[in-house]
Structure formats: C-alpha cells, structure tokens
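Reading through the structure tokens given below for one structure.
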Amino acid sequence: MKAVQINRYGGIDVLEVNDVSRPSVSKGQVLVEVHAASINPFDWKVREGYVKDFMPLVFPATMGGDFAGKVVEGSANF
C-alpha cells in the first residue's frame, strides 16, 4: 500500500509517496481503504515543524488525518 510520509520537517518538498506495510488492526480499530484525502491547516503546520516542541514526530511520519473511504477490516464497535 502507499502512504504520504515525511522524513524531516519542511515544506511540500519533503512529502514522499512511499510503499508501506499494511497496518495490523487491533480491537476498537478499523482499516480504511482511502478514496479521498485532504490536508488541513494543522497538517501543514505539523509538517513544517511549528508544533514540534509539543508534538515531536517520529520519522518517517505519515501525514494527514482527514479522509473518506471504505472500512475493509475491523469493527466500529468500541
């Protein structure tokens, strides 16, 4: 599968599309096949390092949390 990740803080030039392993799903989690994604104002501030003192990233970091898609594994029952 593919993921947009960064390996350092910076502008849009640090974004990389990488092949990653399929994540495992634990109780209370779901795996979503993403059909559409967006970058919100907080995402680019994290990417550029504006909040690294409060939220340091472990690289490579997968960016973005706004998405829509289809649940392909797991249960939404928490």
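Determine the per residue accessible area of the range 15-77 with all protein chains present and a 1.4 angstrom probe, expressed in square angstrom.
75
For n ≥ 4 DSSP H runs only, could you compute -39500 (n - 2.57) per run for the chain, divide by its residues and tell me the 222 nm figure to the nearest 500?
Values: 1 runs with 8 residues, N = 78.
Rounded to the nearest 500, the figure is -2500 deg cm²/dmol.
Sort 59-69, 22-32 for me by packing, meaning the mean count of neighbouring Cβ atoms within 10 Å per residue, highest on top.
Ranking, from highest mean packing down: 59-69, 22-32.
Using only alpha carbon pairs under 8 Å that are at least six residues apart, calculate the relative contact order of the chain and give it in whole percent. Write down the numbers at each step before the final one.
Numbers: 119 pairs, mean separation 33.5, N = 78.
Relative contact order comes out at 43 percent.
For the chain, which whole-number percentage of the solvent-accessible area (1.4 Å probe, protein heavy atoms only) is attributable to carbon and sulfur atoms?
Accessible surface attributable to carbon and sulfur in the chain totals 56 percent.
The values are calculated or read from the model by the stated rules, or taken from the named source; none is laboratory data. Computed from a predicted structure; not experimentally measured. Note: ideal-geometry Cβ built from the backbone for every residue, glycine included; neighbour counts use all protein chains shown. Protein only, heavy atoms only, side chains kept; ligands, DNA and RNA dropped before computing areas. Shrake-Rupley method; radii C 1.70, N 1.55, O 1.52, S 1.80 Å.
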